[in-house]
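Okay, so here's the structure we're looking at.
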Amino acid sequence: MTDPSALPVHSRLLPNGLQLLAIPIPHAKSVGISVYLRAGSRYEEHVETAGVSHFLEHLCFKGTTRRPTPRDISFEIDALGGTINASTHREMTVYYGKVTEEFMEPTLDLLVDMVRHSLCHAEEVERERGVILEELAAVEDSPGEQATLLLDSLIWPDQPHGRDIAGTEETVTAITRDQVVAAYERQYVASSAVISIAGAIDPERVAALVDRVADGWERGTPDPWLPNDGGTGTRSGLISKETGQAHIALGMRGCDSSDAERYALDLLSICLGEGMSSRLFLRLREDLGLCYDIHTYAAQLLDTGMFGVYAGVDPGHALEALGEIRRELDRVREPVDAAELERAQAVVRSRIHLRMEDTRAVSGWYGSQATLGLPMLTPEQTLAEYQRVTVDDLQRVAERVIQPDDTHVAVVGPFESTGPLEAAFVEA
């Protein structure tokens, strides 16, 4: 595929506030279409409606004025080939598809129809309520997911971005059709939307198609996302249940989406806990045999972020594992050597270049930046930022972020309290 940094990005703001991005990719055989909305859990002000954005995403597949039943939409999706789906995040919701060039027009028409003209029928609300409750029940059966969700609630207590995006059993059961429709009418407006299309396209033809499908779409006045209040919760949390493993998630404040040090933190995460040559993997799995899965991750939001460590261990080895994790966190605050940094930079290069071979990923790369209001960086510009990171930068961000005395501990497993677990980490 052509170098993604050399791809022209045709950007246009329509009179109703909708933003169009068209990225032609020479020699591509497919088209990636992403329709983004500024909607998600960070737009849910009241805890009583937690999960309404995710609920709405489900309902947009259940019938429109021109495609009145779920079957109408499902049969059309299958007839188009490729893939069509959607996902709700904290700061955006995206409806997307990847199809061959011949199906670009009907796919764009279908996706925009779904987000513009959803019927939200009462019977579909009730039917989908049951589906989402089953989705939440699946999380209850996944203690690893429970641990990371519990960790979010400790780092961002009583805030939308500290809650499960899908809500809770209580909120999903109580959400009314009127609340779903209110969220739909408020957030699914033209000034909240970005349409990003990449691949085998002619930008002029794409512009004409978007003009047609967006005709009459009202600008609207969507709600803004809710800012982070800066507070944190209790030091530790426990979901006590009989599990074969202890699921441990450790978290600390990280970098937000516009923080210049986010590139260094991403590289530090690779060194510490991403991949088979990372420090935590080598120490806890290869040297000590304490766990099967251990990894780190960095999450960036518009005005906050977090850095996390996850491990699944035998409950009898949980205290030892926590002590070893603490020692590796302490050690990584010392200078990382140049060879380790170079390996991490190579990993990032590979990830981005491989990702950019997918037309849907290219549409998502630019569409998500536009939706979040971030600088429109090309993949090569982003890689240049990673390449500029030095060993001193890694040490500085490690000293800033990795604060063991201010680390939250979330555990799911057969324990009565977090006291001994917290002590094992703090006192190591």
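Here, each number is a calculation from the coordinates, and none is a lab measurement. Predicted model only: the values in this text are computed from it and were never measured. Glycine gets a Cβ as well: all are built from the backbone with ideal geometry, and neighbour counts include every protein chain shown.
Nearest 0.05, what FRET efficiency do Asp158 and His27 give at R0 = 41 Å with Cβ-Cβ as r?
My answer for the efficiency is 0.20.
Can you compute the FRET efficiency between Arg127 and Arg351 using 1/(1 + (r/R0)^6), with r the Cβ-Cβ distance and R0 = 35 Å? Round to the nearest 0.05.
0.35
Assuming 0.36 nm per residue, please report the length gained on full extension of the stretch Val181 to Glu286 beyond their Cα-Cα distance.
32.6 nm
How far is the Cα center of segment 34-94 from the Cα center of segment 403-426, in Å?
38
Glu320 to Gln387: extension gain in nm, 0.36 nm per residue of separation minus the Cα-Cα distance?
The span from Glu320 to Gln387 would gain 20.5 nm if fully extended.
Got a sec to turn the phi values of segment 88-98 into Karplus ³J(HN,Hα) couplings, 6.51 cos²θ - 1.76 cosθ + 1.60 with θ = phi - 60°, whole Hz, x for Gly and Pro?
Residue by residue, segment 88-98 yields 10, 10, 5, 10, 6, 10, 10, 10, 9, x, 9 Hz.
Can you tell me which lysines have their Cα less than 16 Å from the Cα of Lys29? Leave out same-chain residues fewer than eight positions away.
Lys98
Report the residues of segment 212-233 in range of a label on Asn16: point 7 Å along Cα→C-beta, backbone N strictly under 19 Å from it.
212-223
Please turn the phi angles of segment 112-119 into ³J(HN,Hα) values with the Karplus equation 6.51 cos²θ - 1.76 cosθ + 1.60 (θ = phi - 60°), one per residue in order, whole Hz, x for glycine and proline.
5, 4, 4, 7, 9, 10, 5, 7
Residues with amide H under 5 Å of Ile239's amide H, sequence separation 5 or more or different chain, H placed in the peptide plane at 1.01 Å from N; which?
HN-HN under 5 Å from Ile239: Val411, Val412, Gly413.
Which label marks the calculated value of Kirkwood radius over Cα pairs in Å, given the options (i) 21.8; (ii) 23.0; (iii) 20.8?
Correct label is (ii).
Rounded, prolate or oblate: which fits segment 4-213 when a ≥ b ≥ c are the square roots of the eigenvalues of the alpha-carbon gyration tensor, with rounded for a/c under 1.5 and prolate only if a/b beats b/c?
Prolate is the answer for segment 4-213, as a/c is 1.5 or above and a/b outweighs b/c.
From the phi of every residue in segment 305-310, what ³J(HN,Hα) in whole Hz does the Karplus formula 6.51 cos²θ - 1.76 cosθ + 1.60 yield, where θ is phi - 60° and glycine or proline is x?
These are the phi-based 3J(HN,Hα) values: x, 8, 10, x, 10, 10 Hz.
What ranking do His408, His117 get, fewest neighbouring Cβ atoms within 10 angstrom at the top? Provide the component values of the computation, followed by the final result.
Numbers: His408 25, His117 16.
Ordered by Cβ neighbours within 10 Å, fewest first: His117, His408.
First select every other residue whose beta carbon is under 15 angstrom from the beta carbon of Ala22; then total the charges, Lys and Arg +1, Asp and Glu -1. Spell out each step's value before the answer.
On the way: positive: Arg12, Arg205, Arg212, Arg360; negative: Glu101, Glu105, Asp202, Glu204, Asp211.
Net charge in that neighbourhood comes out at -1.
Considering amide H positions built from the backbone, and no H for Pro or chain starts, which residues 5 or more places from Gly51, or on another chain, come under 5 Å of its amide H?
Gly167
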